[in-house]
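Quick notes on the structure that follows.
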Number of protein chains: 2
Amino acid sequence: MTRQRGAVIDALREAGRPLSPAEILAAAQRQVPSLGLATVYRNLRALLDDAQVHAVELPGQADRYELAEEPGAVTHRHYFQCLTCDRVFPLDGCPGHLEEITPPGFVVEHHELTLLGRCPDCAGGSGKLRKAAARDH
Amino acid sequence: MTRQRGAVIDALREAGRPLSPAEILAAAQRQVPSLGLATVYRNLRALLDDAQVHAVELPGQADRYELAEEPGAVTHRHYFQCLTCDRVFPLDGCPGHLEEITPPGFVVEHHELTLLGRCPDCAGGSGKLRKAAARDH
DNA sequence: ATTCGTGCAAACCGTTTGCAGTGCT
DNA sequence: AGCACTGCAAACGGTTTGCACGAAT
């Protein structure tokens, strides 16, 4: 455990939502200004291998990363991405009913679902959306 | 309509499933050997603007492209991606029930669902999977 | 002293763009 | 001639890797 790795983990913990490597870099540099992007990637990879972090893959987007839940928690999650501020939020639950759309002969092992729309900040039409987008540029 | 564009469209039509730009290039070069990747991308973009083709965005993967259905068909589709041969297959239907997992205050505008597993060729344990994977390298 | 992690720069992959050349009208 | 489209190569953004330096044992 190095200072750099601690800074990456702190950045993820404080955000409470999935972050891109660049967002992690920006946040973690407040603790370790000399931190480089390559180190962020290397630590993310190590943390992924350790199952301390997991990757959130979004269609047509670069991966985001978040801290893994405590052991024993759900392994499977879906996400909501705001089309205005680009932030990603975890969801609870899973729609299921996948057999209905699976053609015969196909074996489903897992699935990815992403909801797209407006988060509460950006749906309201208030000025909050600009603040949120700016905060995460 | 140029020879190059015709070759791109033919490649998509003959495949009958979403193709990556590199797959399109390889297939279309059988008609137009001098074809370049940039031209594939430019034609894809033009065809997208024309709604003759649409992009299939997969989590953690480069986009694939397929011919748009005849006008009047469903605008919204989901896909199955084979974890063995990497090919992508269109599905019919949609699980719905998204309200159940949408937290209050969020406005869902659309969603993306990808099923991952084994396609019939690769689930069977026969030698077919190797043939399919090789065909699409 | 050895080892492991870091920081920087270069490499890499998929995609986009600038530019000169080609083929149509 | 003019114009749109092509092919190539360079640029680009995100990610990975090579390599020499620095920190910790």
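Coordinate-derived values only; no laboratory data. Since the structure is predicted, the reported quantities are computational estimates derived from the model, not experimental observations. As a convention, Cβ positions derive from the backbone with ideal geometry for all residues, glycine included, and neighbour counts pool all protein chains shown.
Summary table below
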| read-out | value |
| --- | --- |
| 7 Å along Cα→Cβ, label-point gaps from B:H97 to other copies, nm, shortest first | 0.7 |
| For A:H111, distant residues with modelled amide H under 5 Å away | B:L116 |
| Chain lengthening between A:R17 and A:Q29 when straightened (0.36 nm per residue, less Cα-Cα) | 2.5 nm |
| Label 7 Å beyond Cα on the Cβ vector: B:D50 copy-to-copy distances, nm | 5.3 |
| Approximate shape of the protein assembly as shown as ellipsoid semi-axes (Cα gyration tensor, √5λ), whole Å, largest first | 35, 22, 22 |
| FRET efficiency estimate (nearest 0.05) - Cβ-Cβ, B:Q61 to A:T2, R0 25 angstrom | 0.20 |
